[in-house]
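Trainee: The structure that follows is given in the form of structure tokens.
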Amino acid sequence: MAIKTQDSTLIQTSSGNVFAKDPTDWRWWHPSIPSVLKQLHADGFAVAVLTNQGSVSLKDNPKTIKADQRSLAAFRSKVSNIFNHFDFPIVLLAACARDLYRKPRTGMWIELLEDMDLDEGDAPDLQSSFFVGDAAGRKDREFKTPEEYFLHEEPLPFTRTFEPGTFLDPALTTSTDATPIIIEKRNALDIVLLCGSPGSGKSTFYWTKLKPLGYERINQDTLKTRDKCVKVASNLLAEKDSVAIDNTNSDPETRAVWVQLAQKFGVSIRCVHFTASIKLCEHNDTVRALTSGNFNPEKRTILPHSAFAGFAARFREPELKEGFQDIVTEEFQVPHD
């Protein structure tokens, strides 16, 4: 089986723009591609095209239905223009959402096997199968870039800068001596402020360590505005309930809102700083969104990259001089119990 991506592998825009202007704005990535695909079919390969198409929406949204229908029609027209060059079957799967089907996740591959009845006894010959895409980077798979496959160029050196599998083995992480912190309630009434990127473990920390201590959770994702968060927190403090601020709290200006609230009620405010890297947080966010049940009780969806890049740009490490009683550092660790 020969698996290929579409844009920047089989085709590119003829206009030179990043995104096509219309269904006719395309040309072959290289003139040899039609003959190469025909030869693959002649050699007994099944040819499949797996493509991410985030601009195409299949959601039944009355507010965007006309635009969605236009984008879907344009995509179908473009695909027809491309595939009309061939007189043999090519399977096309398009991922239209940020879900388990979107590459590099394996959902489209699994769907492909099911659609072709290759998921049971009549499995494909994986030793002879290969994938061609513009962002491969997997040494343990037969992945090739279009330059390697169509132009026969030598592979470029590639080093993975982030390997999530290492976090499954504490002996392979950079902080081998890190141990989960033990948080204790030091004050009869106080505020605990959580500071960290989306996906760094803040909510899990709250549910597993702070809620058992009696803290009430303040979260802007659920309350929608900071003013509502401050109002709810104020009411809880007035009722003598300690609160945990489960937001990113990336900079001193944002954190000052909660320091001032603590001063208003005459209580201490503590800070827990979550240090997981942005790449790890993006990975955690994706895993959470693609998981159901207790691991994602609030049914959160995948955040865009800008949510993490924006946090990184705004972030300033918390300091005691901001008014905190103490600052505790929490490194990310996969639970092993």
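A short reminder: the numbers here are calculations on the coordinates, not readings from a lab. Bear in mind the structure is a predicted one, so any value in this text is a computation, not a measurement. Cβ: placed from backbone, ideal geometry, glycine included. Neighbour counts: every protein chain shown.
Trainee: Quickly work out the residue 158-to-residue 129 label distance, labels modelled 7 Å from Cα along the C-beta direction, and quote it in nm with one decimal.
Mentor: 1.8
Trainee: Among (i) 5, 20, 25, 20, 16, 11, 4, 1; (ii) 6, 26, 36, 25, 7, 1; (iii) 5, 20, 21, 15, 12, 10, 7, 4, 2, 2, 1, 0, only one was calculated for this model; which label is it, if the read-out is P(r) over Cα pairs in 10 Å bins from 0, in percent?
Mentor: (i)
Trainee: A follow-up question, please. Chymotrypsin sites (Phe, Trp or Tyr not before Pro) within region 60-109: which are DSSP loop residues with at most 12 other Cβ atoms inside 10 Å?
Mentor: Working: sites: 75, 83, 86, 101, 109; in loops: 86, 101.
Sparse-neighbourhood loop chymotrypsin sites (Phe, Trp or Tyr not before Pro): none present.
Trainee: Now a separate question. Just order 150-160, 199-209 by mean Cβ neighbour count inside 10 Å, highest at the front, would you?
Mentor: 199-209, 150-160
Trainee: Related question: Go ahead and estimate [θ] at 222 nm for the chain from helices alone: -39,500 (n - 2.57) per DSSP H run with n ≥ 4, summed, over the residue count, rounded to 500.
Mentor: Calculated from helices alone, the mean residue ellipticity at 222 nm is -8500 deg cm²/dmol.
Trainee: Still on this structure, I have one more. To the nearest 20 debye, what charge dipole does region 1-111 have about its Cα centre, counting +1 at the Cβ of each Lys and Arg and -1 at the Cβ of each Asp and Glu?
Mentor: Dipole magnitude for region 1-111 comes out near 340 debye.
Trainee: Assign unit charges at the C-beta atoms only (+1 for Lys and Arg, -1 for Asp and Glu), then state the dipole size of region 179-330 relative to its Cα centre in Debye, rounded to the nearest 20.
Mentor: 240
Trainee: A follow-up question, please. Assuming 0.36 nm per residue, please report the length gained on full extension of the stretch residue 81 to residue 113 beyond their Cα-Cα distance.
Mentor: Working: separation 32, 0.36 × 32 = 11.52 nm, distance 2.56 nm.
Going from the current span to full extension adds 9.0 nm.
Trainee: Then there's this: Could you please report the charge total around residue 74, scoring K, R as +1 and D, E as -1 over all other residues with beta-carbon less than 15 angstrom from its beta-carbon?
Mentor: Local net charge: +1.
Trainee: Cα-Cα pairs above 23 Å in region 179-330: how many percent?
Mentor: Summing the P(r) of region 179-330 above 23 Å gives 33 percent of all pairs.
Trainee: If you don't mind, there's one more thing I want to ask. Can you check what the net charge comes to around residue 290, using other residues whose Cβ is under 11 Å from the Cβ of residue 290 (Lys, Arg +1; Asp, Glu -1)?
Mentor: Working: positive: 98, 102, 105, 288, 300; negative: 99, 285.
Residues near residue 290 contribute +3 overall.
Trainee: Testing the spin-label approximation: label points 7 Å from Cα along Cα→Cβ at residue 122 and residue 141. State their distance in nm.
Mentor: The modelled label-to-label distance comes out at 2.5 nm.
Trainee: Charges at C-beta only: +1 for Lys and Arg, -1 for Asp and Glu. How large is the resulting dipole of the chain about its Cα centre, in Debye rounded to 20?
Mentor: Once rounded to the nearest 20, the dipole reads 1520 debye.
Trainee: Just grab the label-to-label distance for residue 235 and residue 265, each label 7 Å out from Cα along the Cβ direction, in nm (one decimal).
Mentor: Rounded to a tenth, the inter-label distance reads 1.3 nm.
Trainee: Further, regarding this structure: Mind checking which lysines have their Cα closer than 21 Å to the Cα of residue 321? Skip sequence neighbours fewer than 8 apart in that chain.
Mentor: Once the sequence-local lysines are set aside, what remains near residue 321 is 264.
Trainee: May I ask you to derive the FRET efficiency for residue 64 and residue 301 from their Cβ-Cβ distance with R0 = 25 Å, giving the value to the nearest 0.05?
Mentor: Between residue 64 and residue 301 the formula returns 0.90.
Trainee: Then there is this: Would you kindly state how much longer the chain becomes between residue 15 and residue 99 on full extension, computed as 0.36 nm times their sequence separation minus their alpha carbon distance, in nm to one decimal?
Mentor: 27.2 nm
Trainee: Next up: Could you tell me the relative contact order of the chain? Use alpha-carbon pairs under 8 Å, at least six residues apart, and round to a whole percent.
Mentor: After rounding, I find 15 percent.
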